[in-house]
Structure formats: structure tokens, C-alpha cells
1. Return the residue satisfying two criteria in turn: it lies in the stretch 118-146 and is of a type in the set (S, T, N, Q) and farther than 15 Å from GLU169 by Cα, and of such residues it is surrounded by the most Cβ atoms within 10 Å (Cβ to Cβ).
2. Would you mind telling me which numbered condition in (1) over 16 Å from GLY171 (Cβ atoms); (2) assigned to a loop (DSSP other than H, G, I, E, B) GLU95 fails?
3. So, in the stretch 247-269, exactly how many residues are more than 16 Å from ALA231 (Cβ to Cβ), among the aliphatic types (A, V, I, L, M) and open to solvent by 40 Å² or more (accessible area, probe 1.4 Å)?
4. With polar (S, T, N, Q) and over 19 Å from the mean Cα position of the chain (by Cα) as the only criterion, which of THR103, THR107 stands out?
5. Across the stretch 147-163, what is the number of residues that are under 17 Å from ALA234 (Cα atoms) and open to solvent by 60 Å² or more (accessible area, probe 1.4 Å)?
6. Among the residues of the stretch 36-77, which ones are assigned to a loop (DSSP other than H, G, I, E, B) and in contact with a helix residue (DSSP H, G or I) (Cβ under 9 Å, 6 or more places away or on another chain)?
7. May I ask you to verify whether ILE117 is in contact with a Ser or Thr (Cβ under 9 Å, 6 or more places away or on another chain), among the hydrophobic types (A, V, I, L, M, F, W, C) and either under 30 Å from ASN47 (Cβ atoms) or at pLDDT 95 or above (or both)?
8. How many residues are in a loop (DSSP other than H, G, I, E, B), at pLDDT 55 or above and among the hydrophobic types (A, V, I, L, M, F, W, C) if we restrict to the stretch 166-209?
Amino acid sequence: GTPDAFYTYAREVAMLDFCALTDHDHWGMRFVDEHEEVWEELQAVTNAHDEPGAFVTIVGYEWTSWIHGHRHVLSFTDSAPMLSSLSEETDDPAELWEALRGTPSMTLAHHSAGGPIATNWDFAPDPVLEPLTEVMSVHGSSEAMDSPSLIYSPLAGNFVRDVLDEGYEFGFIASGDSHDGHPGLPHLSPYYSYRFATDTRPAQLGTGGLAAVFTEELSRGALLEAMRARATYATSGPRLLLDASLGEEPMGTRVSPPDGEVELSVSIHATAPVRALELIRSGAVVEDLTPKGPELELDHT
């Protein structure tokens with residue numbers, strides 16, 4: 001379809017609150033980094049659909065490095081330079097972050113644990129420009145090797161849980177990576193349906209991802225502030241509501257170790273009965289709560 005149809009579908013059919021069309025810098029019919037008019041059109045259409053308070057669109061593209069991995073580059077303004085992963089000035093993550101420093105921008109590692117290309121975590125993510133990471137997309141889960149809907153061509157030791165244990169700090173999001181004009185809803189593309197159905201894994205039709213953000217208002221500025229504060233969570237599609245707090249501190253907050261015991265509280269409002277709630281620390285499940293009955297709402301401390 002067209003960029004205009006993409007955003008119309010996102011708002012009117014998928015009923016999203018915010019959305020970004022992140023086309024590849026150099027992949028597809030016309031490479032965006034070689035055709036300035038394409039990039040200008042993408043930004044213009046994105047801005048035309050932005051309506052603060054009702055539906056927010058974010059200018060963005062996909063930095064498509066086949067050496068260091070793919071990254072979404074988001075700009076929370078009306079325009080942004082196209083920083084290609086083929087340019088000598090921005091062909092590694094450190095150079096990309098340096099070029100973006102001081103701007104209302106953000107990058108997000110994409111399908112980081114496997115296909116089509118894994119992320120090079122030797123570049124420690126910039127704490128301001130990359131405070132979040134993607135754990136789920138149509139390519140599968142990059143959370144851990146034992147997670148459901150595992151990403152294809154997984155690279156052991158390159159999952160999000162692995163780099164958390166290396167000391168990196170992240171909030172989580174999930175993304176669509178739809179490539180089929182249906183943002184925010186299960187994938188309808190025959191390509192994904194065929195590949196997932198014939199892969200060695202069980203079929204996971206409709207697998208994708210959504211990002212949830214806690215914010216007091218729906219605007220580009222408020223979304224950027226909340227995302228930099230890691231006030232986010234990820235889902236593989238279901239639009240459940242999730243809240244977690246440690247003592248009085250909300251999700252995403254960086255806190256010092258408490259002097260004594262502190263309560264971790266979780267509240268879930270789901271779209272189907274909750275099967276289990278797992279608490280994972282340092283890569284291991286340390287608590288597993290199984291509801292006694294079919295609960296759509298679950299509070300646990």
C-alpha cells in the first residue's frame with residue numbers, strides 16, 4: 001500500500017494511539033537514502049496524520065546495517081536527516097548516536113537475537129538515545145532462548161536477557177515489522193503465514209508486537225519523555241494492561257538498593273485468562289504464579 005493508507009489503517013482499523021512507519025534506508029524498490037524526494041514524502045505524510053491527543057505519528061526509518069544489526073531511528077519532530085548505515089559518517093552505532101546527540105531522537109535495536117541479522121552488542125547502547133530495546137516482532141522473540149515464539153536463526157548469548165546480565169539497562173517494547181500494510185494487527189501477509197507454518201517451530205500465525213507507554217498526554221514530546229524514562233512494556237499482540245512497581249517507584253525507574261525488604265507489585269488486566277505470571281531475575285524464573293481459576297484480572301505482590 002501507500003504511506004497514507006498505512007497511517008489510516010493504523011488509526012481507523014487497528015485503533016492505535018501512536019505509530020511510526022520506519023522504512024529501510026536502503027532496501028526495497030527505491031532506496032530512501034538515495035532518493036531525497038521519497039524521504040521528504042514520508043515525513044510529510046507522517047506529519048499530515050499527526051493529531052496530538054487523538055493519534056500521534058512519529059517520523060522514523062530503519063537503519064539497515066548488515067554488519068551491526070538493524071535499528072529503528074525515531075525523531076519526535078517534523079523532520080530529521082536521513083543518516084544512512086552505508087554512509088562512512090554513520091555506519092556504526094556509535095557514529096549514529098553521535099550524529100543524533102542533543103536531538104529529540106531515539107534508536108531501538110530490532111530483532112536483536114537472530115534473523116534476519118543479529119545486533120552487535122559490543123556497542124553499549126547510549127543511555128539517552130537507546131534506553132529501550134525490542135523483545136518481540138514478527139521475526140519472533142529476542143527475549144531469551146527459552147521464550148515462546150522464538151526468533152528464527154537465533155544466536156546464543158545474544159538475547160536481551162543475556163545483555164541484561166552484562167549490565168545493560170533497558171525498558172522493553174515490541175514492534176510489528178509488518179511489511180504488509182497492517183500495522184497493529186496480526187499479520188495477513190502470505191509470506192509470513194507460509195514461513196511460520198512451514199518452519200521447524202510450531203506455527204505462530206499473527207505473531208508480531210506492540211509497544212505500550214505510560215504517559216499523561218498523547219503527544220510526541222510526552223511519548224519521548226516517557227520512553228526515555230522506560231515507562232513502557234511489550235506485548236506480542238494482546239492489548240493487555242500491565243503495571244508494576246517496586247515500593248513506590250513506577251516501572252522503568254532506576255533505584256538504589258533498599259535498606260530493607262521492598263514489595264514488588266504487579267497488576268494485570270488481560271484479554272484472556274492469565275495462564276501464569278513469572279518473575280525472572282538474572283535470566284532465571286524465581287517465582288511462578290499459576291491462578292487457581294480463569295482470571296482476567298490478576299494482582300500479585
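1. SER142
2. (2)
3. 2
4. THR103
5. 1
6. HIS49, ASP50, PRO52, ALA54, ILE58, HIS68, PHE76, THR77
7. When the stated conditions are applied, ILE117 passes them.
8. So the count comes out to 3.
The values are calculated or read from the model by the stated rules, or taken from the named source; none is laboratory data. This is a predicted model, so every value here is computed, not measured. Cβ coordinates were reconstructed from backbone atoms using ideal geometry, including for glycine residues, and neighbour counts include every protein chain displayed. These area figures cover heavy atoms from the full protein model, side chains too; ligands, DNA and RNA do not enter into them. Shrake-Rupley method; radii C 1.70, N 1.55, O 1.52, S 1.80 Å.
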